[in-house]
Every structure is written in structure tokens, then in C-alpha cells.
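Take a look at the structure below.
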């Protein structure tokens, strides 16, 4: 059921790409559609590049945590008897965005037989729910490593089935009609940083790095978050293979 629905959603995205003459990826189009309820902003974001710059600190923090996680993950999976193929920056249909640096640099994919688990690395304490939902259209499960909180959690496609069904239906309908709604404006918090020149547009907020809070005080939590993410990944793959998980 879910496969058929994502195929239908993919068809709607492809038709919109052709209508707009855009080379935006499926992931980018769906990301824009889910982030911005305003049709005019969606169309603007898909036809005019308005990329965001990421502070070098956040990029380096993310990359350091990811590298550390991959090394810990490989050791843990090999010691658990798994032969794995680990890929970073793996592009899947709904999994990455072509101009979204965080999305492009956030993915570690682990395959075991026909199982697929994606680990999403977050250097801070928050995560993008829409992004996780999109990932579940491509993979069996997502593990989120929240380094800023010192914890990790997982969610499977099966657990999110009802939401995925609803989301694919809603955004198929939205994308089907998007090209004909050029004059429709929807005001809200998403007006911040909007590239559309209208009465609701607001300037985006700048952010200064707080190194004490976002680096020094955060460091002690990284190991716990990585360990938690690795344990969840191993557990998910064991459960997929039908093996007994300690404590389960």
C-alpha cells in the first residue's frame, strides 16, 4: 500500500518538475512543500535559489560527530556478526535535498540483507520531523542521534504507517494543484526569510554561535548519544533478522 502511494506521490512531483521546468530533486520539492504552507513561497523556493549559509562551526561539529559515529558503528556491527555496507551522503528518492547542506551531510545508511536503517546526526538538541517522515518513505527505520541531548531514539516505517499514508495523500493533492495557485498566500511563521516580495514577508533571524553552551557544555553528551544510536541500530537489525535482543 505504502509503495503504491509513494509511487503516486513521485508521479505528482515529476509532473510538477516538468510544469515548473525545475531540476530540483524529489527530496527538495517534498521538503519545500512540507515546510511552507504558502503556495507562492513553495513555487518561489523551487524556481529561485535562496540557499542558507551554515556557520562553519555547525558543519564541523556535525562532521566530527558523524565520523565518530561511523567508526563506532562499524566496530559494533562487525563484533555483532554483521557484514554491512555503510554509506554517507547516500541519495535516495525522498532522502536528501540537492541544496540542503544539513540534509546532504546528515545521512549514514546501513544495509543488512533487505533491511535499511538510516541514522540522522544532529549536533544540537532538536530535529526536523518532516525530514524524518520523508526518510521513512525510503528506509525501514530511522535512528536520530541527538548529540546535544546525549540521547538517541528510533522510529520504524511500521510505527509511522498511518501518518505516512496521510502525508503522502495530502502532499500529492497539494503538489497536483501547486502550479495553478501562484497567487495564493498563506500568512504564518514561515514568512520569516521568505524570498517572495509581499506584505507578509519578514526578515530572517541571525544566530550567533554560543561556544560555551553549544560546544564546551555539549561535549560530555556526545558519547552517550552516539552509543545510544549505535545500540539502537544494532537492535533494529537484529530484530529484522529475528535474533533475540538482550533485554527485549
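The values are calculated or read from the model by the stated rules, or taken from the named source; none is laboratory data. Since the structure is predicted, the reported quantities are computational estimates derived from the model, not experimental observations. No Cβ is skipped: glycine too gets one built from the backbone with ideal geometry, and neighbour counts run over all protein chains shown.
Can you report the number of residues in the range 64-80 which are over 30 Å from residue 13 (Cβ atoms) and either assigned to a loop (DSSP other than H, G, I, E, B) or touching a residue at least 24 places away in the same chain (Cβ under 8 Å) (or both)?
Residues that pass the stated criteria total 9.
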Next item on the list: Answer with yes or no whether residue 53 is modelled with pLDDT under 80, surrounded by fewer than 20 Cβ atoms within 10 Å (Cβ to Cβ), more than 13 Å from the chain's Cα centre (by Cα) and closer than 22 Å to residue 147 by Cβ.
Entry: yes
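The rows are residues; the columns are (1) in contact with a strand residue (DSSP E or B) (Cβ under 6 Å, 6 or more places away or on another chain); (2) farther than 30 Å from residue 56 by Cα; (3) without any contact (Cβ under 8 Å) to a residue 24 or more places away in the chain.
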residue	(1), (2), (3)
126	no, no, yes
132	yes, no, yes
140	yes, yes, no
183	no, yes, no
187	no, yes, no
201	no, no, yes
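Residues that are crowded, with 16+ Cβ neighbours inside 10 Å and modelled with pLDDT of 60 or more: list the strands (runs of 3 or more DSSP E) wholly contained in the range 81-130 that include at least 2 such residues. Steps first, please.
Values: elements: 85-88, 107-112, 115-122.
Output list reads 107-112, 115-122.
Return yes or no: is residue 153 outside any helix (DSSP H, G or I) and over 30 Å from residue 20 (Cα atoms)?
Values: outside any helix (DSSP H, G or I): yes; over 30 Å from residue 20 (Cα atoms): yes.
So residue 153 passes the test.
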